[in-house]
Amino acid sequence: KGFSYGPALDAALQTQQPVTVASVLHELALRGSLATALAGRDEETVYPLLRFLVRWIADPRFTNLLVEVSSAFLDLYTPIVGVSPAV
């Protein structure tokens, strides 16, 4: 059975532990699966990720990784940014 990228990221986000979330994001990036984990999200699952990115991107421990994640996020979700009240 294959690894479930999206649910793994959701589980990490639910911990609300920045090191845990960053570790999962880092592993997804190493596997080349970041876009897969980010894709297909609705407002309910996009919002925790977006909130995490905004809150932690300025932290020097996470900046490089979260810039990469933010870029992938924007590639996927630019069409809905500003359209959805949550995003």
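The values are calculated or read from the model by the stated rules, or taken from the named source; none is laboratory data. Computed from a prediction, not measured in an experiment: that's the story for all the values here. Note: ideal-geometry Cβ built from the backbone for every residue, glycine included; neighbour counts use all protein chains shown. Calculation scope for accessible area: heavy atoms of the full protein, side chains included, ligands and nucleic acids excluded. Shrake-Rupley method; radii C 1.70, N 1.55, O 1.52, S 1.80 Å.
Tally up the residues in region 51-76 that are farther than 12 Å from VAL21 by Cα, open to solvent by less than 40 Å² (accessible area, probe 1.4 Å) and part of a helix (DSSP H, G or I), please.
Result for region 51-76: 3.
Out of region 4-19, which residues are open to solvent by less than 60 Å² (accessible area, probe 1.4 Å) and either in contact with a helix residue (DSSP H, G or I) (Cβ under 7 Å, 6 or more places away or on another chain) or within 20 Å of THR63 (Cβ to Cβ) (or both)?
Within region 4-19, TYR5, GLY6, ALA8, LEU9, ASP10, ALA12, LEU13, PRO18 qualify.
Taking ALA22 as the residue in question, decide whether it is open to solvent by 40 Å² or more (accessible area, probe 1.4 Å) and touching a helix residue (DSSP H, G or I) at 6+ places or on another chain (Cβ under 8 Å).
No, not satisfied.
Restricting to region 6-43, count the residues that are under 19 Å from ASP75 (Cα atoms), free of Cβ contacts under 8 Å to residues at least 24 places away in the same chain and part of a helix (DSSP H, G or I).
Going through region 6-43 one residue at a time, the tally reaches 2.
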